[in-house]
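What follows draws every value from the coordinates through simple rules; no lab data is involved. What you see is a predicted model; the values in this text were computed from it and never measured. When we count neighbours, we look across all protein chains shown, and the Cβ atoms used for this are built from the backbone with ideal geometry, even at glycine.
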Amino acid sequence: MKKTRGRTWVALLLIMMLIVVSACSSPKKEEGGDKSGNSQAAANNSGGAGSEGKTDTGPADPLGKYDPPIEITTVRIVNDTFKYADGDSIDNNVWTRTLQDKLGITVKNKWVVSGDGPGGQGEQKMNVSIASGELPDFIPVNSKQLKQLVEADLLMDLTDVYEKWASPFTKEIMNQDGPNALASATFDGKLMAIPNTGSSMDGAAMIWVRTDWLKKLNLPEPKTMEDVFKISEAFTTQDPDGNGKPDTIGISLNKDLYGGYAALDGFLNGYHAYPRQWIKDSSGKLVFGSIQPEMKQALAKLQELYKKGEIDREFGVKDGGKAAEFAAAGRVGLHFGSMSNPLWPLVDNKKNDKNAEWQSYPIVSVDDKPAQPRTGLAVGQYYAVLKDTENPEALLKVINLFVETGWGETTTPENYAEHFTKGGIERFKYSPFQAWPARKNLDIHLHVSEAIKSGDKSKLNPEETDNLSQIEAYLSGKEGTELGWGYERIFGVDGSFKVINQYVSSNSILASEFYGAPTETMVEKDATLQKMELEVFSKIIMGDSIDNFDKFVADWKKLGGDKITEEVNEWYANK
């Protein structure tokens, strides 16, 4: 492998670009199949055919081993959830050893930084690396950084590399969530990076309700927004926990309003309002969801609920973690959230109160028009390759091996555990390059539910088998199996993926119409506009005049929103 080259000749250009970019946070991931049929390759495959890298004339083997072995360079951005078995580290672990053994690839990390949140230490360190030109051969970047590197002409066109070296299973996974993942990494018809795919369906909003309280107060399950309002009022005023104190609230909410636990997205979607999403108007143009009239109507209702004490009076100073403490302590019985909420924070409520039961429901509408959740692009990271890199196909080989180990035909329960979950450690995080099937979790639900009904476990893959075993441990009444309760509430017969399956089967999930890299004005103005939106909306909920929404719309348009809308529509017309 060639050593990393200094790129000081572009440093001045990139430093100027980063003056703006470093002040803005990267977009959140918008926050994981079938079988491949690929067999493990024989040893004699020296690698590569890239658009601009080293080539050979041999047939492409997606899992072929390099002989002699090669070394590749990259960087890693980790966080506090990275745990290791004794003696292991991010530089030496089950995945680095497997890449050496199976593919003949040694991974060298030029630097490792903890802090993978938007605007965190990892993003800042990568910005510095881009500005200095000191880049590894394989570069993990967010969408803003990818756009910078493309504009600086530093990256290899991976179109041919992907077509030749991605396994059939990898290609399937890249498209499971629709074409937008690969499209978001495509510039002027050229694939300039490989996306780390996730699942937009997994992010679809739903309603979580404490059904033990629902039954106690003889309330109906939520089928309309009016039902939600009745439940909220009863949970606030009718002492559902039975302690004789007015200490419960109807609807949980966090200060950041969108995303994470106790967010507003699902409530707003019930009003056909789509915050921070780009949607089509009646003329076919793209418009920003946060400034549409439906948002004003929803905010007015939230203000009413807050005034009645049905929303936590202190939500404005509570992040998702603090809001979650209310649920864990048995203080709240309803929130709009995501499929994963049973594992956090609802499992803590179950540990504190064995009688607590939670059920998920589809979001509901305020009128006769069906409510539809809208989700963003499920790509949080891209893997780019520096120009002139030898063996660029090594990137695809690592991804091929990752997906085959997780969900392919050749994996085994033991191999899956060794590389993904052994010892309660999330070992999959060690792999430098990854991709996740969009349908993975939905398929777990469908297959596990069928196994529970039929008693036949023979068709389950290793991950599904692991989930079912935890569910069965809980259902057997075994002590200390609350985590199994969480998995049952997600993947079981009536788990949250039953709701996701309803969304998918009815084609209800709406995708954001914009999935391109941030526009020039977004980079410059978006952080300010988002901060203004959060402040105005929070104050309206807490009692400011609802007419302040109209002033917000005018200010948003004047302070850069109109220019962003123009740029977004230009992108849309040319995509």
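Within the set of other residues whose C-beta is less than 14 Å from the C-beta of residue 300, count the net charge using Lys and Arg as +1 and Asp and Glu as -1.
For residues surrounding residue 300, the net value is 0.
List the relative contact order of region 440-511 as a percent without decimals, with contacts defined as Cα pairs under 8 Å and 6+ residues apart.
That works out to 34 percent.
If you average the alpha carbon positions of region 240-271 and of region 484-552, how far apart do those two centres end up, in angstrom?
If you average the Cα positions of each part, the centres end up 15 Å apart.
Once you sort the root eigenvalues of the Cα gyration tensor of region 440-511 as a ≥ b ≥ c, which label holds: rounded (a/c under 1.5), prolate (a/b larger than b/c) or oblate (the other case)?
It comes out prolate by the Cα gyration axes.
Rank these for me by crowding, 365, 200, 360, going from fewest to most other beta carbons within 10 Å.
With the sparsest Cβ surroundings first, the list reads 365, 360, 200.
Suppose R0 equals 45 Å; then what is the FRET efficiency for residue 415 and residue 226 from their Cβ-Cβ distance, rounded to the nearest 0.05?
0.30
Equivalent-ellipsoid semi-axes (√(5λ), Cα gyration tensor) for region 341-426, whole Å, largest first?
Those come to 38, 25, 13 Å.
In what sequence do 420, 235 fall when counting other Cβ within 10 Å, fewest first?
420, 235
For a quick check: with amide H placed at 1.01 Å from N, whose amide H comes under 5 Å from residue 187's, ignoring anything fewer than 5 positions away on the same chain?
Correct list: 192.
Please work out the Cα convex hull volume for the chain and give it in Å³ per residue.
Value for the chain: 151 Å³ per residue.
Ranked from highest to lowest mean number of other Cβ atoms within 10 Å per residue, what is the order of the peptides 173-181, 552-560?
173-181, 552-560
Output wanted: per-residue J couplings in Hz (rounded whole) for region 214-224, from phi through Karplus 6.51 cos²θ - 1.76 cosθ + 1.60, θ = phi - 60°, x for Gly and Pro.
Taking θ as phi minus 60°, the curve returns 4, 5, 4, 8, 6, 9, x, 5, x, 10, 9 Hz for region 214-224.
To check you understand DSSP bridge types, tell me what percent of the beta bridges within the chain (both residues inside) are antiparallel, rounded to 5.
Close to 65 percent.
Sort 75, 317, 141 by Cβ crowding within 10 Å, fewest neighbours at the top.
317, 75, 141
For the pair residue 459 and residue 233, how long in nm is the line joining their label points, each one 7 Å along Cα→Cβ?
Roughly 4.7 nm, to one decimal.
Could you tell me whether region 83-198 comes out rounded, prolate or oblate from its Cα gyration tensor? Rule is a ≥ b ≥ c as square roots of the eigenvalues, rounded for a/c under 1.5, then prolate if a/b exceeds b/c, otherwise oblate.
oblate
Taking H as built 1.01 Å from N, whose amide H comes closer than 5 Å to the amide H of residue 385, not counting residues under 5 places away?
Correct list: 139, 156.
Of the listed peptides 296-307, 326-337, what is their order by residue-averaged count of other C-beta atoms within 10 Å, with the highest listed first?
For the peptides 296-307, 326-337, the packing ranking is 326-337, 296-307.
Given only helices, namely DSSP H runs of n ≥ 4 each adding -39500 (n - 2.57), what is the per-residue ellipticity at 222 nm of the chain, to the nearest 500 deg cm²/dmol?
Only helices count here, giving -11500 deg cm²/dmol.
Relative contact order, percent, of region 487-575 when contacts are C-alpha pairs under 8 Å separated by at least 6 residues?
Taking the mean separation of contacting Cα pairs over the length of region 487-575, I get 28 percent.
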